[in-house]
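Notes for the one structure printed next.
The values are calculated or read from the model by the stated rules, or taken from the named source; none is laboratory data. What you see is a predicted model, and the numbers here were worked out from it, not measured in a lab. Here Cβ is always computed from backbone atoms with ideal geometry, including for glycine, and neighbour counts include all displayed protein chains. Accessible surface is based on the protein model in full, side chains and every heavy atom, while ligands, DNA and RNA are left aside. Shrake-Rupley method; radii C 1.70, N 1.55, O 1.52, S 1.80 Å.
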Amino acid sequence: MDIFILHLINGITLGAMYALVATGLSVVFGVLRMVNFAHGDLFMLSGYLLVFLYVEKGVPYGLAVVFTVAGMVLVGFLFERIVIRPVVHRTWRIQLIATLAASIVLTNLAILIWGTTPRQAPTILSQNVFRVASVNISYQRILLLVVAVVSFLLLTWFVQKTRTGKAMRAISQNREASVVYGLDIHGISSITFGIGSGFAALAASIITPLYSVEPTVGAMVMMKALAAVILGGLGHVRGTIYAAVLLGITEALFAGYVSYPFRDAAAFIVLIFVLLLRPQGIFGRKVSI
Amino acid sequence: MKRKLTFALVISLIFVTLLSSCAPLATPTEATQAPTQAPTQVSSEETIPKEPIVIGVPSAFSGPIAYVGESYMMGYTLALEELGNEIAGYPIKLVTADNACNPDQAVTAVRKLVDVDNVDLILGSGCSSATLAVMPLLPEAEIAQITEGSTNPKIYDGSGVGGNIWQFRYVPDDRIMAEGFAPFIAAEVKSLSILAYNDDYGRGAAQSYQDILGGLGVEVVSTEYFERGGADFRPLLLNIKEDKPEGLLLVATESDGIVILRQLKELGLTQKLFARGAIVTPLFMEMTKKEPGLNEGIMEGTWWAPGLDPKFDVAFVNRWGTAPSPHRATSYFIMRYVVKAAIEEAAKTGTVDRKSIRDALEKISVETPVGVISFDAHHQAYPNMAVSTVENGTIKLLQVLETKAPTK
């Protein structure tokens, strides 16, 4: 029983990690109706920015996280202006090529700038462990859970209560009608991308001290985040979060009890199974033509 | 508007392609420079410059262990610079090809080196899975490959008298190293779990230690495998904790080793730790300088440790400003001694080409700081291996062991 609880805790923390990364992706899809294949690379860039500030410049960890998120929100604005805006009205194929191309450029830029050796950014929290009974969990992982919950609540409040959030929802529901009503589509798109990028940065700032950052780390993160977005229902943020936790728990239990090397396969089998039953994802709405 | 966008996309794609193809070559370019020192006195027959010898380096230059490919290039480049970028009067040119440590890509990478770059010798292919995949291509292309880091025992079985006369290996394999290192493990623990990469390197090493440790009275209670570049190893570590072995043998390189050791401490595993890969290395210490003690007390048996060649240790840091590692050292020794000796030997025949280099590799016997290097009937070399540990944050060389042909 003890070991089951430990695997379950692992799964929840893993799910929280996927959820943080996937939320940004889901927000962007919800508003802009496009998948940003460079989202994982924004995560990777955030990791390097954290290493630069916290490890190389000695900025205190908390401040480094704030600067990383703020910096990446700006990068998100720029990214939307340079990569997204020119293709947002184009077909999905062009959007796919544009974001994939951006992903390749960012990965190779990282190789050129920082090389290929993985970088570490351990914190006091990642090096100290909370122990109760047989449960051992680093304070950094507890921080990850807390940040995930708080940031989701903040995002929900922002989208439900603020003018900008309501505008995002309006565009998400009917882009053309929003234009007719005079909403600043470009401005809202920029803010949406800033939020998406900010979530990637928040995720990277909390996760990098637990693992490491190297130029291709984004590809692995992106794979799981995309699975969570699809499983939860494209563009459905709350669904994405539940799906991410479900994927994390499935992966941890399968790895613990069945086979570690095939844990990714297990997560994707769940994805396929759910999509067979509900092609629109767990929380997505059925669309008929 | 439509045309402009299409044009912009095409330009960006071309830019991306160029960028992706040139990135991994960032380090190698320095090694491809022609020699800068012209001979002061030139005889009439030497006035015609010799054609460069082109050496192909297929390795992982992308993916989670891209730093290993880059590490090999650092060693080759340093050695070439010490040799004046030429051997026996022939300028040496290095050409890389990315195999991402993947068997499919490894075949493509070697085909590109052989058919497009027309290389004279291959130094690769890094990972065991990649090397095993390209071995069948070598006889067809009639080109020799010296393997620098693939330690799967199958390579020994299939090379030289094993059938493939074009395959040579510098590093001792895991069966050979296990015979040297396993007694150290047996002296410390009576039960052990093995945690290894889920590829030919990890599986070959795990099997070798299982075979030998049983005969030394050590029970291997479990063997677990994981992928390179993984993030969450805690399910595996929890299972090992449940198995309660006295020791744990970790078969991994620095990048994954750091994450595993971090999670191992988090979960409170107290097993005596052993390693076969690149855990007790200066590069590991450099990568974890913000969390000292991560590899404290771990005992590792592998083909290189700092102190085997102090001159190299200093030269590497001076040249690159970063710490050496087994991968960085092995490529240095191969170029500095083995390739140099082989090309000099081949030059005696008057023609340096694929065949003469292969024939020369069978003949050479060269003194190096890690022992005498020559290739046996299985085209296997026997450099010394080292057993080392970390004490008070410093790597301590416990013993240098001579390696020999496997007994089984």
Of these, A:Y54, A:Y48, A:Y18, which one is within 13 Å of chain B (Cβ to nearest Cβ), farther than 30 Å from A:L253 by Cα, touching a residue at least 12 places away in the same chain (Cβ under 8 Å) and in a helix (DSSP H, G or I)? A:Y54
Given the criteria open to solvent by less than 10 Å² (accessible area, probe 1.4 Å) and either among the hydroxyl-bearing types (S, T, Y) or closer than 20 Å to B:L398 by Cβ (or both), does B:I334 qualify? no
Take A:L271 and decide whether it is modelled with pLDDT of 90 or more and among the aliphatic types (A, V, I, L, M). no
Single match in A:L53, A:L25 (criterion: in contact with a His (Cβ under 6 Å, 6 or more places away or on another chain) and of a type outside the set (G, A, S)): A:L25
Within segment A:187-209, which residues are over 18 Å from A:S26 (Cα atoms) and either open to solvent by 20 Å² or more (accessible area, probe 1.4 Å) or more than 16 Å from the chain's Cα centre (by Cα) (or both)? A:G187, A:P209
Those residues of segment B:69-92 that are surrounded by fewer than 21 Cβ atoms within 10 Å (Cβ to Cβ) and within 22 Å of B:K112 (Cβ to Cβ) come to a total of 1
What is the one condition in (1) modelled with pLDDT under 50; (2) crowded, with 19+ Cβ neighbours inside 10 Å that B:A34 does not satisfy? (2)
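Name the residue that is most open to solvent (accessible area, probe 1.4 Å), counting only residues in segment B:350-378 that are among the acidic types (D, E) and assigned to a loop (DSSP other than H, G, I, E, B). Break it down stepwise before answering.
Residues of segment B:350-378 among the acidic types (D, E): B:353, B:359, B:362, B:367, B:376.
Narrowing further to those that are assigned to a loop (DSSP other than H, G, I, E, B): B:353, B:376.
Values: B:D353: 60, B:D376: 45 Å².
So the residue we want is B:D353.
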Within segment B:282-302, restricting attention to residues that are touching a Pro at 6+ places or on another chain (Cβ under 6 Å) and in contact (Cβ under 8 Å) with a residue 40 or more places away in the chain, which residue is nearest to B:T368 (Cα to Cα)? B:T302
With the structure loaded, tell me whether B:E224 is outside any loop (DSSP other than H, G, I, E, B), assigned by TED's automatic domain parsing to the domain that holds B:V366, among the charged types (D, E, K, R) and over 14 Å from B:A405 (Cα atoms) or whether it fails that test. no
Taking interchain pairs and intrachain pairs at least six residues apart, which have beta carbon atoms under 8 angstrom, with the first residue in segment A:125-137 and more than 9 Å from chain B (Cβ to nearest Cβ) and the second assigned to a strand (DSSP E or B) and open to solvent by less than 60 Å² (accessible area, probe 1.4 Å)? A:L125/A:S138; A:N128/A:S138; A:F130/A:N136; A:F130/A:I137; A:F130/A:S138
Enumeration of residues in segment A:72-119 that are open to solvent by 60 Å² or more (accessible area, probe 1.4 Å), among the basic types (K, R), in contact with a helix residue (DSSP H, G or I) (Cβ under 8 Å, 6 or more places away or on another chain) and more than 10 Å from chain B (Cβ to nearest Cβ): A:R81
Matching option when the condition is among the small types (G, A, S) and away from chain A (no Cβ under 14 Å), among B:A196, B:A205: B:A205
Given the conditions (1) surrounded by fewer than 23 Cβ atoms within 10 Å (Cβ to Cβ); (2) within 13 Å of chain A (Cβ to nearest Cβ); (3) not aliphatic (A, V, I, L, M), and given that B:K272 satisfies all but one, which numbered condition is not satisfied? (2)
Does A:S197 satisfy the criteria of being in contact (Cβ under 8 Å) with a residue 12 or more places away in the chain, in contact with a helix residue (DSSP H, G or I) (Cβ under 6 Å, 6 or more places away or on another chain), small (G, A, S) and closer than 22 Å to B:L261 by Cβ? no
So, of the residues in segment A:239-289 that are of a type outside the set (A, V, I, L, M, F, W, C), open to solvent by 60 Å² or more (accessible area, probe 1.4 Å) and under 27 Å from A:I3 (Cα atoms), which turns out to be farthest from the other protein chains (Cβ to nearest Cβ)? A:Y242
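Which of the helices (runs of 4 or more DSSP H) found entirely inside segment B:103-145 contain at least 2 residues meeting this: open to solvent by less than 10 Å² (accessible area, probe 1.4 Å)?
B:103-111, B:128-134
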Go through segment B:173-206 and count every residue that is outside any strand (DSSP E or B), in contact (Cβ under 8 Å) with a residue 60 or more places away in the chain and in contact with a Pro (Cβ under 7 Å, 6 or more places away or on another chain). 6
Regarding segment B:211-219, can at least one residue be identified that is more than 25 Å from B:S129 (Cα to Cα), among the acidic types (D, E) and open to solvent by 40 Å² or more (accessible area, probe 1.4 Å)? yes
Is one or more of the residues making up segment A:143-154 surrounded by 23 or more Cβ atoms within 10 Å (Cβ to Cβ) and within 11 Å of another protein chain (Cβ to nearest Cβ)? no
Buried (at least 16 other Cβ atoms within 10 Å of the Cβ) and not aromatic (F, W, Y): does that describe B:T403? yes
Six or more apart or on different chains, Cβ atoms under 6 Å: show the pairs whose first residue is in segment B:58-72 and facing chain A (nearest Cβ under 8 Å) and in contact (Cβ under 8 Å) with a residue 24 or more places away in the chain and whose second is open to solvent by 10 Å² or more (accessible area, probe 1.4 Å) and of a type in the set (A, V, I, L, M). B:S62/B:A100; B:G63/B:A100
Suppose the filter is part of a helix (DSSP H, G or I), touching a Phe, Trp or Tyr at 6+ places or on another chain (Cβ under 9 Å) and modelled with pLDDT of 95 or more; does B:R328 pass it? yes
